[in-house]
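Quick note: the coordinates plus some simple rules give every number you see, no bench work behind them. Nothing here was measured: the structure is a model prediction, and the numbers come from that model. Positions of Cβ are backbone-derived with ideal geometry, glycine not excepted, and every protein chain shown enters the neighbour counts.
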Ligand code: NAD
């Protein structure tokens, strides 16, 4: 496989264009943006810098495609056939798509292959297979009446996605929405859009009718804002930062009150009790739970809370596992943590580390490395004695920076875990079954792991509480965002 990767590593890339109404189109004013590879800082290619006019054209195409029923009126089994063909085409091209994504966003290739094209394939198949198994309801009414509950596609969906795992997160949204019969305008992140454009091209090849799935590239403040302000977008689904989420809610309020579903950040606590079944395993999995994809994972377990009696020993185990992580060229199959997505993100990560040091915290690792490559790399960092008031304990870094904080009692562990504005993920490591269940109930998060971290399945929902957002991706619950209930009340 490495030989194949090497041949793809330097493959020249033609400029990428929008996919609007079934066609590849340039920006209406001819504008482009340059893709800088985080692997070595080189310019890879360009993509269309979308304008408001481009975005409105895509929304109009999606509106027409929805309203004339070219997709929503097809029998679910027919939509399924197109979607399954699309999944097959992506699967056949998976390695090339994965390498394209890595060149653009720096994720290590092993993870990128599995978590990006192959995850999108699995997601498309999951929702394609589900769509002809969803039934409406007959309500238990007075027999003089018939109450039918229909499930109808919501219409035009706008999707705005981030730069980490663009295909996985994108597919959680577009696969469920399109399977449900909606049409979509998707806006990828500025530093991770090429694979989504490529996948949209394959969608056309698979037989998606024009206008059903449109991808408009460009800046959030232009393309994303135009989607959020549109009177013709019925539902907006978003994964990204809380700041952008707030803007989208405001735009929805100013425009057509479109429903807005937000998947935002996290500062997820990972709680280690001294009675964890295997502390070595806990340290290893916890290190992976923050350092894979260089911490650029929304559910990353970025705050370890550890019982005081094992604090020092656990930090030592964590440092051993962190030091063993091979950081470097993401296209080398043996690399375990690739590049940081952008220079800006790298500088932000390093600033958190410097601030912790300046506050007198004990910091292991956290240096910039491999600067001579021109790329953006850093060693995993562990802040071994972070206090709850520290910014690094409270704010999402979105990089390979882990804090460790000791606690004395179960109640204190719960209080520290919940001492955050976020509520996306958490974990608890213990051999005590009763305690495990108590903790699951008391921790305010959408996902609580027990004796593991990360790894999941499409069959379970992912979504946050508090300022980590609302609504769910994955599982059949994801359809709730894309299917409206309609009642038919019939006098018999
Ligand atoms: P971001 O909010 O800056 O950008 C996300 C998307 O929003 C991008 O496509 C961007 O172009 C667009 N955008 C930016 N400004 C906009 C505006 N004014 N109007 C409309 N769209 C706009 O976030 P990011 O830096 O790309 O992603 C990192 C964040 O995403 C982190 O906070 C991370 O935790 C979060 N995230 C959450 C999940 C989850 O499932 N909860 C998953 C992955 C990432």
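Below is a table of values for the structure above.
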item: Rounded to 10°, Cα long-axis angle of helix 194-206 versus longest principal axis of the chain; result: 30 degrees
item: The chain: calculated mean residue ellipticity at 222 nm from DSSP helix runs of at least 4, using -39500 (n - 2.57); result: -11500 deg cm²/dmol
item: Ranked packing of 290-299, 387-396, most packed first, by mean Cβ within 10 Å; result: 290-299, 387-396
item: Burial order of peptide ranges 81-88, 272-279 (average beta-carbon count within 10 Å, highest first); result: 81-88, 272-279
item: Burial ranking of peptide ranges 303-314, 445-456 (average Cβ count within 10 Å, highest at the top); result: 303-314, 445-456
item: Rounded tilt (10° steps) of 117-130 against the dominant C-alpha axis of the chain; result: 50 degrees
item: Degrees separating the helix 343-358 axis from the principal Cα axis of the chain, which is the longest one; result: 30 degrees
